[in-house]
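*Asks:* Structure below; questions to follow.
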Amino acid sequence: MAFRAELWLRARLLPFRLPQNLPLDAVLTLAEPAAGPGRFNGMPAAAIVRAVRRTLRHPVLMRNRRCLREGLLAYRFLTEAGHGPRLHFGIDPGIVASPQAKAHCWVTLGGVTVIGETETRYVEVLSVPRGDNRGEGET
């Protein structure tokens, strides 16, 4: 019950905490669990992913940044459940010829994308936690 209530509340507040020009470091702090890993230990990753998708299925705010909202929330709650997710940020390689950048955010567990699946192949520019990416598959 505490998980669903917190997810619902964070999903509703996140659009107000993410203005368009927020620096990336500040965005990443929104994904970090306040209590650290272990708070929702024992909760299956699939249940967390399902709950995030269900909670965000009808976005009123952040329609154009849905992947960011889903990614931040999924990463946070999967981390709190002790699953060791990875949050990825990438850009569309076709943006060189475009006046507008196209970016994407997705979450993986053990190299498998669990949130933010897409057919477009994005070039990863950052993943969190930062550090060694070996063992993680490309999306």
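The values are calculated or read from the model by the stated rules, or taken from the named source; none is laboratory data. For clarity, every value in this text was computed on a predicted model and none was experimentally measured. Positions of Cβ are generated from backbone atoms using ideal geometry, with glycine treated the same way; all protein chains shown enter the neighbour counts.
*Asks:* Consider region 8-20. How many of its residues are over 12 Å from Arg69 (Cβ atoms) and either modelled with pLDDT of 85 or more or touching a Phe, Trp or Tyr at 6+ places or on another chain (Cβ under 7 Å) (or both)?
*Replies:* 2
*Asks:* Look through region 24-46, keep the residues that are at pLDDT 80 or above and more than 16 Å from the chain's Cα centre (by Cα), and return whichever of them is surrounded by the most Cβ atoms within 10 Å (Cβ to Cβ).
*Replies:* Once the filter is applied, the top-ranked residue is Phe40.
*Asks:* State whether the residues of region 93-111 include one that is at pLDDT below 85 and among the β-branched types (Val, Ile, Thr).
*Replies:* Yes, the conditions are met somewhere in region 93-111.
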